[in-house]
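**Q** Take a look at this one; I'll ask things after.
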There are 2 protein chains.
Amino acid sequence: MSRTRAFVREMGLRDGLQSIKTIMPTATKLDWISREAACGVGEIEVASFVPAKLLPQMADAAQVVAGALANRALVVAALVPNMKGAQNAIAAGAMKLNYVMSVSESHNMANVRRPVAESLADFGHIVEFCKTLPEGKRPVVAGGLATAFGCTIEGPIREERSRELAAELAALGADEVIVADTVGYGNPAAVRRVFAGVRAEVGNLPVAAHFHDTRGVGLANVVAALDEGVVRFDASLGGLGGCPYAPGASGNIVMEDLVFLLESMGYDTGVDVARLIEVRRFVQASLAEEREQFHGAVARAGLPKNYIHA
Amino acid sequence: MSRTRAFVREMGLRDGLQSIKTIMPTATKLDWISREAACGVGEIEVASFVPAKLLPQMADAAQVVAGALANRALVVAALVPNMKGAQNAIAAGAMKLNYVMSVSESHNMANVRRPVAESLADFGHIVEFCKTLPEGKRPVVAGGLATAFGCTIEGPIREERSRELAAELAALGADEVIVADTVGYGNPAAVRRVFAGVRAEVGNLPVAAHFHDTRGVGLANVVAALDEGVVRFDASLGGLGGCPYAPGASGNIVMEDLVFLLESMGYDTGVDVARLIEVRRFVQASLAEEREQFHGAVARAGLPKNYIHA
């Protein structure tokens, strides 16, 4: 019996690096991307197209996208918050746009400085713009819903809201919907409800889960999402990154722990977890001053005795 | 609608303390027990009845059991590896015996120096001995199956073996069966299979899960066990303890993260997680030289905004 395929996507170069003080040199970013792609990670969000004055860590976004394209099998994705960002990402050669808007009105206002309705409309314009591009230049457009499980400004978020917004993104022509627990407020029961609702709205559209491990339940949320048929997960190597509101808290779920979990459960990620741990060491060595920002259990404990990569 | 009850049991005074170098004074142990019982934790494994020369941290086991009985609502449990330990624990006043044997033959030989069949027979003798006691002196007897998901000596363990041994423990008169992933080899898919099998064998007997978080999947395993109807979970405050085979690896799943997870999912643990974090700080302060042995996310990140203890 063939195994079910699961897809892991690296967020560390965007979600991780934007959360720490150090600015990683472009060449090191490209080295990281190549090494991780060589482990079998098929998609990497390599940068964010926001103004460099807001995020100096992302000032080299265009060069990183262009350089990352050298990894032939890799889907080179970029976060974009608006049409301007989308056009810049496309000009740089991004193969996938991860558009971000928040389910929480207050968080959307704080993050992208406009109401949710305006973000939705802009998403529609981006999809339309992409349709005008020749096929070989046309990126995959994913619609991301941040703060779907709660928000540091508003607290809990009405769960039905993610379902409604996912339906709108799908209607506007999204190629994928990403549901994100941006600040680690989710739990497996809520994850099941929200993903069941979203999947019911969007038909066969791929639905991805973006969890943070702020309160230790990130991988438990992965298991709950798997129960709802979700097989696309964002993570970052070593859980790099944190939360500006909680010093010492962890960021994205830990890539190597996620791969270990999925493989142990019989999913086929295509990723060699032992090699991934080597790449984590490389990234950690290149960010030696950010020691506190690395998390995860498998890298410390090692793989179990007689563990065989399937 | 009333919430489903879930039961959390503190292992740190046994599984945690036996894994670290420091010897905690008896008075500090009793202070810890009282503070944690006051948070609503209903059962604490306060000690292990093994020879003091093997585990100097447990040399005060009888005094700790006797002192812990001052906490009126608390189930004072003790780990026992054999009849001698059981008799000593009962003499000290233990209300519950957590008998330990391993599913792995090699691990049982290494840990309690006899074959699995002998451990099983001894369990039967302990149950018979307890039946001879007057009701007010008769402890609850739980049969624990260590290394159910794998073993650092043998590697993977045949999953059916836990089911077979659970059936034997039940037939011998166990009041509860505990299935333990002693070295953190489990994953949610295996957890579902093993607990489904064990529960099918033991009828209405309570089945408890004892997970370690060695590779980060401890709470994901909890969610999988909940799916199989398991509502009894062992944990330790701050995940205190480690693994002798993996320096820096975490020990039991983290009590405060477990309570946060269960409450977030709508289970009623009866435990106040905010107070639990205070107790963690107390324990951490009293083991200042064991800083590396504390784990967990909720204590670092804090509770979510507008979080209300149900």
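**Q** Rounded to whole Å and sorted largest first, what semi-axes of the equivalent ellipsoid does the C-alpha gyration tensor of the protein assembly as shown yield via the square root of 5 times each eigenvalue?
**A** The equivalent ellipsoid of the protein assembly as shown has semi-axes of 47, 23, 22 Å.
**Q** Which order do the peptides A:103-111, B:20-28 come out in when sorted by mean C-beta neighbours inside 10 angstrom, highest first?
**A** Ranked from most to least packed, the peptides come out as A:103-111, B:20-28.
**Q** Moving on to the next point. How high is the relative contact order of segment A:7-292? Use alpha-carbon pairs under 8 Å, at least six apart in sequence, and give a whole percent.
**A** In percent, rounded to a whole number, it is 19.
**Q** Residues with beta-carbon under 13 Å from that of residue A:4, excluding residue A:4: net charge, scoring Lys, Arg +1 and Asp, Glu -1?
**A** 0
**Q** Let me ask you something else. If you average the alpha carbon positions of segment B:1-35 and of segment A:1-62, how far apart do those two centres end up, in angstrom?
**A** When both Cα centres are located, 41 Å separates them.
**Q** Under a Cβ-only charge scheme (Lys and Arg +1, Asp and Glu -1), can you give me the dipole magnitude of the protein assembly as shown about the Cα centre, in debye to the nearest 20?
**A** Dipole size: approximately 460 debye.
**Q** Work out Dmax and Rg for segment A:42-194 from the C-alpha atoms and quote the Rg first, both in angstrom.
**A** 15.4, 43
**Q** Measuring from label point to label point, each 7 Å out along Cα→Cβ, what is the residue A:5 to residue B:138 span in nm?
**A** So the two model labels end up 6.0 nm from each other.
**Q** Which of the listed residues, B:223, A:206, A:30, is farthest toward the dipole's positive end in the protein assembly as shown, when Lys, Arg count +1 and Asp, Glu count -1 at the beta-carbon?
**A** My answer, from the dipole projection, is A:30.
**Q** Suppose we take every Cα in segment A:7-292 and form the convex hull; what volume per residue is that in Å³?
**A** 114 Å³
**Q** Can you work out ³J(HN,Hα) from phi for every residue in segment B:99-109, in order, using Karplus 6.51 cos²θ - 1.76 cosθ + 1.60 and θ = phi - 60°, giving whole Hz and x for Gly and Pro?
**A** 7, 10, 9, 9, 5, 7, 4, 5, 5, 5, 5
**Q** Rg and Dmax of segment B:167-217, using alpha carbons, in Å: what are they?
**A** Gyration radius and largest Cα-Cα distance of segment B:167-217: 11.7, 35 Å.
**Q** Return the percentage of antiparallel bridges among DSSP beta bridges fully within chain B, rounded to the nearest 5 %.
**A** Taking every DSSP beta bridge within chain B, about 10 percent pair in antiparallel fashion.
**Q** Residues of B:289-298, mean number of Cβ from any other protein chain within 10 Å of their own Cβ, rounded to a whole number?
**A** Partner-chain Cβ atoms within 10 Å, mean over residues of B:289-298: 2.
**Q** Related question: Going by average Cβ neighbours within 10 Å, how do the peptides B:250-257, B:76-83 rank, with the highest at the top?
**A** B:250-257, B:76-83
**Q** Within 10 Å of each candidate Cβ there may be at most 14 other Cβ atoms; applying that plus a DSSP loop requirement, which trypsin sites (Lys or Arg not before Pro) in segment B:82-164 survive?
**A** Qualifying residues, ordered by number: B:113, B:158.
**Q** Could I ask something else about it? Placing +1 at every Lys and Arg Cβ and -1 at every Asp and Glu Cβ, with all other atoms neutral, what dipole size does segment B:182-310 have around its Cα centre, in debye to the nearest 20?
**A** For this selection, approximately 180 debye.
**Q** Still on this structure, I have one more. Take a quick pass over chain A and tell me how many lysine pairs come in under 22 angstrom between Cα atoms, counting only ones 8 or more apart or on separate chains.
**A** 10
**Q** Next up: Which of rounded, prolate or oblate describes segment B:186-310 when judged by the alpha-carbon gyration tensor and an a/c cut-off of 1.5?
**A** oblate
**Q** Give the nm distances, rounded to one decimal, from residue B:200 to the matching residue in every other copy, measuring between label points 7 Å along Cα toward the beta carbon; shortest first.
**A** 3.1
**Q** Once Lys and Arg get +1 and Asp and Glu get -1 on their Cβ, which of B:174, B:152, B:127 lies farthest toward the positive end of the dipole of segment B:104-177?
**A** B:127
**Q** If you take each beta carbon of peptide A:255-261 and count the beta carbons of other chains within 10 angstrom, what is the mean?
**A** 3
**Q** Same structure, new question: Antiparallel DSSP bridges in the protein assembly as shown: what percent, to the nearest 5?
**A** Percent antiparallel among DSSP bridges in the protein assembly as shown is about 5.
**Q** To the nearest 20 debye, what charge dipole does segment A:7-292 have about its Cα centre, counting +1 at the Cβ of each Lys and Arg and -1 at the Cβ of each Asp and Glu?
**A** Dipole magnitude for segment A:7-292 comes out near 520 debye.
**Q** Further question on the same structure: Using each residue's phi in segment B:208-213, evaluate 6.51 cos²θ - 1.76 cosθ + 1.60 at θ = phi - 60° and report the 3J(HN,Hα) Karplus result to the nearest Hz, with x for Gly and Pro.
**A** 10, 10, 10, 10, 9, 9
**Q** Right, here's the next one. Is there a simple number for the mean count of other chain Cβ atoms within 10 Å of the Cβ of residues in A:135-145, and what is it?
**A** 0
**Q** Which value in nm describes the separation of the simple spin-label points at residue B:27 and residue B:291, placed 7 Å from the Cα toward the beta carbon?
**A** About 2.6 nm separates the two model spin labels.
**Q** Still on this structure, please answer the following. For segment A:155-237, what is the relative contact order in percent, using Cα pairs closer than 8 Å and at least 6 residues apart in sequence?
**A** Computed value for segment A:155-237: 33 percent relative contact order.
**Q** List, in order, the whole-Hz ³J(HN,Hα) value for each residue of segment B:130-142 obtained from phi through the Karplus relation with A = 6.51, B = -1.76, C = 1.60 and θ = phi - 60°; use x for Gly and Pro.
**A** Computed from phi, the couplings for segment B:130-142 are 5, 5, 7, 7, x, 3, x, 10, 7, x, 5, 10, 9 Hz.
No value in this document is a laboratory result; all are computed from the given coordinates. Predicted, not measured: the structure shown is a model, and the values here were computed from it. Methodologically, a virtual Cβ is constructed for each residue, glycine included, from the backbone with ideal geometry; neighbour enumeration extends over all protein chains shown.
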